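Below you'll find the structure, written out as structure tokens, and then a few comments.
The values are calculated or read from the model by the stated rules, or taken from the named source; none is laboratory data. Quick caveat, the model's predicted, so the values are computed rather than measured. Virtual Cβ from ideal backbone geometry, glycine too; neighbours counted across all protein chains shown. Side chains are part of the model used for accessible areas, which takes the heavy atoms of the whole protein and leaves out ligands, DNA and RNA. Shrake-Rupley method; radii C 1.70, N 1.55, O 1.52, S 1.80 Å.
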Amino acid sequence: MISGYTITETITERSKTIILRGQRDADGQPVIIKRLKPENPDLQEIQRLQNEYEMTKTLDISGVVRSYTLERDGNSFA
């Protein structure tokens, strides 16, 4: 599904996103991946995910998930 990652579980699905559990193939790091669900998301959905990534990538708060990367996944993003 997402290049460079092995997905082990679907945590939840919503109308526009899917949350997955897995690991990064390069180093085995456990990850939680939020992916836009439609194969061809509209610009508003892409911008929403990009904004969420930008707001969370520098957070260092205990108990708050930190974003490490925003990656292209075919015609979508994760």
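Numbers at a glance
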item: The range 65-78, residues that are without any contact (Cβ under 8 Å) to a residue 60 or more places away in the chain and not in a loop (DSSP other than H, G, I, E, B); result: R72, S76, F77
item: Matching residues in the range 15-29 - criterion: being at pLDDT 95 or above and open to solvent by 90 Å² or more (accessible area, probe 1.4 Å); result: R21, A26, D27
item: Identity of the residue in the range 30-43, open to solvent by 40 Å² or more (accessible area, probe 1.4 Å) and at pLDDT 90 or above, that ends up farthest from R14 (Cα to Cα); result: P30
item: Subset of the range 26-42 (residues that are closer than 16 Å to D73 by Cβ and out of contact with any Phe, Trp or Tyr (no Cβ under 6 Å at 6 or more places or on another chain)); result: V31, I32, I33, K34, R35, K37, P38, E39, N40, P41, D42
item: Which listed residue is in a loop (DSSP other than H, G, I, E, B) and in contact with a strand residue (DSSP E or B) (Cβ under 9 Å, 6 or more places away or on another chain), from I32, I2, I19; result: I2
item: Residue, nearest to the chain's Cα centre (by Cα), within the range 44-64, restricted to residues that are surrounded by 10 or more Cβ atoms within 10 Å (Cβ to Cβ) and not in a helix (DSSP H, G or I); result: K57
